[in-house]
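The values are calculated or read from the model by the stated rules, or taken from the named source; none is laboratory data. The structure presented is a predicted model; accordingly, all values stated were derived computationally and were not measured. Neighbour counts are summed over all protein chains in view; Cβ atoms, including those assigned to glycine, are modelled from backbone coordinates with ideal geometry. What goes into the accessible areas is simple: the full protein's heavy atoms, side chains included, and nothing from ligands, DNA or RNA. Shrake-Rupley method; radii C 1.70, N 1.55, O 1.52, S 1.80 Å.
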Amino acid sequence: MPLTPPPSTGLIPVLPAEDGAPSDPPRGSWRMRLAGPFTDPVLRILSAYALVSTLGRGVFFTLTVLYFTLIVGLSTAEVAIVLTVASAVGVLTGLLGGQLADRISSRRLLFAIVLLEGAALIAYAQSTSFGLVLLIACVVTGADRAANSTRAAIIARAFTGGARVDARAILRTITNVGIALGSALASVPLLVGTGDAFRLAIVLAGTATLASTLVVWRLPRRVNAPARVTTRTGPSPVPSGRPPFRNPRYLALTALSGLFGIQFGLAEIGLPLWVVNFTEAPTVMVSVLLILNTTLVIAFQIPLSRGTHDVRRAGNAVGLAGLLMLVACLAYAGSGLVPIVAAIVMLVVAMLLHTFAEVLSSAGTWGLSFELAEPDRAGAYQGVFSMGFSLGAMVAPLVITATVLTHGPVGWALLAALFAGSAAGIVVIARRHARAGSLIFR
């Protein structure tokens, strides 16, 4: 029977005892407190996996579009099709990964998924046509989304209360560090500019992902789904508790979180195009703003995630995030109406607001996604929640194009209303759940 750790109340997960169960949190110097979270074997292993795998992904994501267009020879339209179709596949595999995590060993499942993803990344180096690139992209994105939902199920089972949100915050911080380092390493093939340099970098990225499977395999058995109730015909393969698709409150949370998640696409897609085509600011501001975003997320994701395992506090965090995004969108809009110096200042202010909205919304929705879920169906619920974000990522380019890039300041106002409205909806869900005092919608 898998061991379930007792509740943890803060960022410092508990020390493992001899039987694999945790004991009291460490006390002492700041160094002990900093190292405290990593005394938990699950978090230590997931952190090592995140750093190694995202280092490879950081290299690949930086090179993706240029590799497709300059080396493989795909047109812009073909690249758009590849990314859209792969995102659609990721929606389904994210859901599937969560479902499987409730039925088979999560440790073995994550190992197999990451192994598949690493092999597919390496296969990109041999891709020579649109069809082959599309197939590989579907495998890579599908595996990545399935791994995310499986990892979320592992966190939901390995930790309780605030320690779950703390774990997500720590892992997201490490992910940002890994991607930043990988993006820096990707500058080498970009400077060399040859097809061989691109292919070698991609092979190394895939190899890093494969290497992370060695870490995943060391996860303890307690991250697996608990044994099912035994019936006359043997152990039941179906978890107890209400399925997520029959939980209206959780589905509403998923949909609204996915809508607010469009803000990630805004930073990655909309902002660069806005700066280059609609403002007087220099093009280099795109890099400055993204570096600012990454730095702030690394610095503040962990401290600002504290306490968001409490449903009401999680809702308030998302509500504040909605207000910050509303003001950020207005500042982004204003940057297109003023001279260069003012445009630079407004872009920096907008990115500061945007980044803190990103951090707070992530922490709040993580907490709600755990606390509103059925404990016995952790994988299924995290799979559904992951699907919401995947859908948001898939429609983000269309929404951003239809608003900001088509209608300018008016489009920014529409986008601000979208963020404020989705955040307000999440606040309502959190408060109703807190008043009901129940984990499920009644």
Can you give me the number of residues within the range 188-204 that are at pLDDT 85 or above and outside any helix (DSSP H, G or I)? 1
For Leu109, only one of the following conditions fails: (1) at pLDDT below 90; (2) surrounded by 17 or more Cβ atoms within 10 Å (Cβ to Cβ); (3) within 18 Å of Val384 (Cα to Cα). What is its number? (1)
Exactly one condition in (1) crowded, with 21+ Cβ neighbours inside 10 Å; (2) at pLDDT 90 or above; (3) more than 19 Å from the chain's Cα centre (by Cα) is not met by Phe130; state its number. (1)
Picking from Thr209, Thr141, the residue that is open to solvent by less than 10 Å² (accessible area, probe 1.4 Å) and touching a Gly at 6+ places or on another chain (Cβ under 7 Å) would be Thr209
Note down all Cβ pairs under 7 Å where the first residue falls in the range 416-429 and is open to solvent by less than 30 Å² (accessible area, probe 1.4 Å), the second is of a type in the set (Asp, Glu), and they're at least six residues apart or on different chains. none
Of all residues in the range 188-206 being under 27 Å from the mean Cα position of the chain (by Cα) and more than 23 Å from Val139 (Cα to Cα), the one that is least open to solvent (accessible area, probe 1.4 Å): Pro189
Out of curiosity, is Val341 within 17 Å of Glu358 (Cβ to Cβ), surrounded by fewer than 21 Cβ atoms within 10 Å (Cβ to Cβ) and not polar (S, T, N, Q)? no
Answer yes or no as to whether Ile174 is open to solvent by less than 50 Å² (accessible area, probe 1.4 Å), farther than 23 Å from Phe264 by Cα and in a helix (DSSP H, G or I). no
Tell me, please, whether a residue that is within 21 Å of Ala396 (Cα to Cα) and either among the small types (Gly, Ala, Ser) or out of contact with any helix residue (DSSP H, G or I) (no Cβ under 9 Å at 6 or more places or on another chain) (or both) can be found in the range 104-118. no
Going by the conditions given, is Gly118 farther than 17 Å from Leu51 by Cβ, open to solvent by less than 10 Å² (accessible area, probe 1.4 Å), small (Gly, Ala, Ser) and touching a Ser or Thr at 6+ places or on another chain (Cβ under 6 Å)? no
For the range 58-80, indicate whether the set of residues that are crowded, with 17+ Cβ neighbours inside 10 Å, outside any helix (DSSP H, G or I) and out of contact with any Leu (no Cβ under 7 Å at 6 or more places or on another chain) is non-empty. yes
Looking only at the range 205-241, how many residues end up being outside any helix (DSSP H, G or I) and either within 23 Å of Leu109 (Cβ to Cβ) or modelled with pLDDT of 85 or more (or both)? 19
Of residues in the range 147-157 being small (Gly, Ala, Ser) and open to solvent by less than 10 Å² (accessible area, probe 1.4 Å), the one farthest from Arg199 (Cα to Cα): Ala153
One residue is enough: does the range 277-294 have a residue meeting the conditions over 14 Å from Phe356 (Cβ atoms), open to solvent by 70 Å² or more (accessible area, probe 1.4 Å), out of contact with any Asp or Glu (no Cβ under 9 Å at 6 or more places or on another chain) and among the aromatic types (Phe, Trp, Tyr)? yes
Meets criteria (surrounded by fewer than 18 Cβ atoms within 10 Å (Cβ to Cβ), free of Cβ contacts under 8 Å to residues at least 60 places away in the same chain and either closer than 27 Å to Val177 by Cα or out of contact with any Ser or Thr (no Cβ under 6 Å at 6 or more places or on another chain) (or both)) for Ala299: yes
Here is a list of conditions, (1) touching a residue at least 40 places away in the same chain (Cβ under 8 Å); (2) of a type outside the set (D, E, K, R); (3) open to solvent by less than 10 Å² (accessible area, probe 1.4 Å), and Ala350 meets all of them except one; can you say which number that is? (1)
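Taking the options Gly364, Gly383, Gly411, name whichever one is open to solvent by less than 10 Å² (accessible area, probe 1.4 Å), at pLDDT below 95 and of a type outside the set (Ser, Thr, Tyr).
Step by step, each of Gly364, Gly383, Gly411 is checked, and only Gly383 is open to solvent by less than 10 Å² (accessible area, probe 1.4 Å), at pLDDT below 95 and of a type outside the set (Ser, Thr, Tyr).
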